[in-house]
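Only one structure is covered here, and it is reproduced in the block below.
The values are calculated or read from the model by the stated rules, or taken from the named source; none is laboratory data. Bear in mind that the values here come from a model prediction, so they are computed numbers and not experimental data. Glycine also receives a Cβ, built like all others from the backbone with ideal geometry; neighbour counts cover every protein chain displayed. Ligands, DNA and RNA are excluded from the accessible area calculation, which covers all protein heavy atoms including side chains. Shrake-Rupley method; radii C 1.70, N 1.55, O 1.52, S 1.80 Å.
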Amino acid sequence: MKKFYAIVALVCLSVIFVLGCAKDDNSDVTPEKPDVGTTQTGTTQTNTTQTSTTQTSTTQTSTTQTSTTQTSTTQTSTTQTSTTQTSTTEITKQVVKIKVTEGDKPASNKKVYGVAGQEALETIKGLLRLGSPIGKKTALQGTTDAQGVATFDFKPEKGVKEYYFFVLTDKSPYLQEVQVTLNGTEKEATIALAGKPQASDKQVVKIKVTEGDKAVANRKVYAVAGEGAYEGVKNLVGFGKITGQETFEESVTLKGTTDAQGIATFTFKPESGIADYHFFVVVDDEPYVKDVTVKLDGTPKEATIALPSNVQVVFTVTDAQNKVVENAKITVDEHTKYTNEKGVATFNLKQNANLSYVAEMPCGTQLKGSVKPTLGAKVAVKFTVAERGEITFTNATDKSCSVQMKGKEYTLNAGESKTVKDLPLGIYDARFFVDGKEVQKYFACNLTCKEKTHTFTLEK
């Protein structure tokens, strides 16, 4: 009996021990409830460390994890990083409205052009400078309406966001542009042109002409409207000075003459749309005009044309033999003249200016110097060489003869020759006479730097 109770007691103690161990193992574990607001279901773990996963701006379908009970197991979570993709949107339709104004008024019926990008605009500017047409180089063209607005509805070139819209103008760079950045929404921009002046019924302009500090009386003054017309008249003046056929006055309608005070008064109606008028006098030296530009606005205007105070300077050129040199070239202050048969060239030069000159003989020998023009100044240019030629007359007949050349007469016996030296280079002709009758034959030559000698022979 005692043995039976001992066995029962042992069994009870074993049961109590097992129940006590089981309680200790589970006493610190609290089951986690699933989080309804997240996309991930919690995991029930025993002695498990879990690192949370952070996701930013990523739409993810939730995954349910079934909890697993593990003993003495460590589990590490996996971190997922979101990927962001940026898309490029191509503009398929763009509306741009360009308003053109002149002064404070809209400019209607004005041609407006558009090009894609800075490079295309620079190409257009280059064509305009060369005077070339631009029509085929401009993809966009429009015309302003009564409100001065030109509307463009187009698909921009792929990848180009900067467009340039412009109108043509009369002066360099011959266009006026505005830059527009495209983004698919409607854009508006303005091209503001200078307002055209309104033609006045009466414009008074007084032009005073002076030379040095003195007024110049009885001097003709002319006026031309606009730069283009004035350039044409200047060309006519230069052509007339060179050819001696001055016809420019036929192209000029506004003319006046200075009074005793050196003033020419103009009263006229200006041409519509032109504000710049060019008033000028004609002078002897290039560019053959001296001018002043007057901007008109309907109010009386005054301006002065100041002529340089010039004095006459006489150059005389001689060679080593103290003979005058004809056709010597003299250049002073960018003005060039040639000596006459007396070796003289006359210039009108700026008074008291320090000027350099270059004198050149027909065969190229040069001499340089300087001059300070004063009233009655004379400059003697003497070369140390002589560029001269000679002609020989030969009488090959059995009779005496005479020869006439340059106003002089020479007599030759039968078979005789005679040489005339120190002749200026140039063209010479001679006439032979026998028994008082002229020989019917033409004798002529040209003495040059390369051929300074020549022989005229009278044959039997």
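Residues of the range 349-384 with the amide nitrogen closer than 19 Å to a label point 7 Å from the Cα of K421, along Cα-to-Cβ, please.
Under 19 Å, as judged by backbone N against the label point of K421, lie 384 of the range 349-384.
How many angstrom separate the Cα center of the range 414-455 from the Cα center of the range 235-295?
52 Å
Do the alpha carbons of any pairs in K105/K158; K372/K421; K158/K187; K171/K290; K171/K295 sit beyond 26 Å of each other, and which pairs?
K105/K158; K372/K421
Would you kindly state how much longer the chain becomes between T457 and D213 on full extension, computed as 0.36 nm times their sequence separation minus their alpha carbon distance, in nm to one decimal?
Working it through step by step, the gained length comes to 81.4 nm.
Averaged per residue, what accessible area in Å² does the range 106-231 show with a 1.4 Å probe, protein chains only?
58 Å²
List the GluC sites (Glu not before Pro) within the range 88-184 that DSSP assigns to loop and that have no more than 15 neighbouring Cβ atoms inside 10 Å.
Taking the range 88-184 and a limit of 15 other Cβ atoms within 10 Å, the loop GluC sites (Glu not before Pro) found are E90, E157.
May I ask you to compute the full-extension gain from S251 to E162, defined as 0.36 nm times their residue separation minus their alpha-carbon distance, rounded to one decimal in nm?
Working: separation 89, 0.36 × 89 = 32.04 nm, distance 4.74 nm.
Gain on extension, S251 to E162, equals 27.3 nm.
Using every pair of alpha-carbon atoms in the range 268-372, split the distances into 10 Å bins beginning at 0 and state the percent of pairs per bin, rounded to integers.
12, 33, 22, 14, 11, 6, 1
Rank these residues by their accessible area, most exposed first, probe 1.4 Å: K161, K110. Provide the component values of the computation, followed by the final result.
On the way: K161 95, K110 50 Å².
Largest to smallest exposure gives the sequence K161, K110.
Within the range 148-253, report the chymotrypsin sites (Phe, Trp or Tyr not before Pro) that DSSP leaves as loop and that have at most 16 other Cβ atoms within 10 Å.
Working: sites: F152, F154, Y163, Y164, F165, F166, Y174, Y222, Y230, F239, F248; in loops: Y174.
For chymotrypsin sites (Phe, Trp or Tyr not before Pro) across the range 148-253 that sit outside H, G, I, E and B with at most 16 neighbouring Cβ atoms in 10 Å, the list reads Y174.
With N residues in the range 303-356, what two-decimal value do you get for its Cα radius of gyration over 2.2 N^0.38 Å?
Working: Rg = 13.9 Å, N = 54, 2.2 N^0.38 = 10.0 Å.
So the Cα radius of gyration is 1.38 times the expected 2.2 N^0.38 Å.
Out of the range 354-460, which GluC sites (Glu not before Pro) are coil in DSSP terms and have no more than 14 other C-beta atoms within 10 Å?
E416, E451, E459
Write down the accessible area per residue of the range 386-460 in Å², having rolled a 1.4 Å probe over the full set of protein chains.
Using a 1.4 Å probe on heavy atoms only, each residue of the range 386-460 averages 61 Å².
Which whole-number percentage describes the relative contact order of the range 108-156, with Cα contacts under 8 Å and a sequence gap of 6 or more?
Details: 51 pairs, mean separation 25.5, N = 49.
Taking the mean separation of contacting Cα pairs over the length of the range 108-156, I get 52 percent.
Could you compute how fast the range 127-179 diffuses translationally, taking Rh as the Kirkwood radius over C-alpha pairs and applying Stokes-Einstein at 37 °C with viscosity 0.692 mPa s? Give it in µm² per second.
Numbers: Rh = 13.0 Å.
Once the numbers are plugged in, D ends up at 253 µm²/s.
Over all distinct Cα pairs, what is the inverse of the mean 1/r for the range 305-460, reported as the Kirkwood hydrodynamic radius in Å?
In the range 305-460 this quantity evaluates to 18.0 Å.
How long, wide and thick is the range 243-312, going by the Cα atoms along their three principal axes, in whole angstroms, largest first?
Computed over the Cα atoms, the extents are 42, 28, 20 Å.
Based on alpha-carbon atoms only, what is the radius of gyration of the range 147-266 relative to the globular estimate 2.2 N^0.38 Å? Kindly include the intermediate steps, with their values, before the conclusion.
On the way: Rg = 24.3 Å, N = 120, 2.2 N^0.38 = 13.6 Å.
Compactness ratio reported: 1.79.
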